[in-house]
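Taking it in order: structure first as structure tokens, then the write-up.
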Amino acid sequence: MARRPDPRVPVRLKARAPVPASGDPARLERALANLVDNALRHARAGVTVRAGADPAGGWALLEVTDDGPGIPEADRDRVFERFVRLDQDRSRAAGGTGLGLAIAREIARAHGGDVHALASSAGGARLVLRVPGRAAGSAAERVPGPVGS
């Protein structure tokens, strides 16, 4: 995210401590960047990224929320299909090819996790990326092969 141009709305990061995840750091960064880019495209006033862990389940969790129009419940799984853009987002000026969320989900699943779209208390979208965690300092598990090839 640090390599991206200045966003038009602020991005807040909320994390109490580092959240180690198993897998390929570059691909996991790409998945998170795609979720944040999507949120920035739709946010009215801001985006929040929360990092946390589910120690009982052994998961690393990254949650990206925005205060934009949200994703209708009927479309919350469909937005992860390739080339899907919701009706209000079809303007090319709004950006997006309909691949970012699909790629994020493919990366998450290749790492043994997933991404889900949920309702947000901020009134917009809440995208939750869940991948296997690992203990700080331990070796990463097997790195999955390329996604989408």
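See the values below:
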{"read-out": "Those residues of the range 96-126 which are under 18 Å from A51 (Cα atoms), hydrophobic (A, V, I, L, M, F, W, C) and open to solvent by less than 40 Å² (accessible area, probe 1.4 Å), in sequence order", "value": "A104, I107, A108, V115, A117, A125"}
{"read-out": "Set A17, A33, A26, A39: member being open to solvent by 40 Å² or more (accessible area, probe 1.4 Å) and modelled with pLDDT of 90 or more", "value": "A26"}
{"read-out": "Residues of the range 42-70 satisfying the condition of being out of contact with any helix residue (DSSP H, G or I) (no Cβ under 6 Å at 6 or more places or on another chain), under 22 Å from G98 (Cα atoms) and in a loop (DSSP other than H, G, I, E, B)", "value": "A43, R44, G46, D67, P69, G70"}
{"read-out": "Residues (in contact (Cβ under 8 Å) with a residue 60 or more places away in the chain and either among the basic types (K, R) or in contact with a Ser or Thr (Cβ under 8 Å, 6 or more places away or on another chain) (or both)) located in the range 21-43", "value": "R27, R30, A39"}
{"read-out": "In the range 55-74, the residues that are open to solvent by 30 Å² or more (accessible area, probe 1.4 Å) and modelled with pLDDT of 80 or more", "value": "A56, G57, G58, W59, L61, L62, E63, D67, P69, P72, E73, A74"}
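The values are calculated or read from the model by the stated rules, or taken from the named source; none is laboratory data. Small disclaimer: the values here were computed from a predicted structure and weren't measured. Methodologically, a virtual Cβ is constructed for each residue, glycine included, from the backbone with ideal geometry; neighbour enumeration extends over all protein chains shown. With ligands, DNA and RNA removed, areas are computed over all heavy atoms of the protein, side chains included. Shrake-Rupley method; radii C 1.70, N 1.55, O 1.52, S 1.80 Å.
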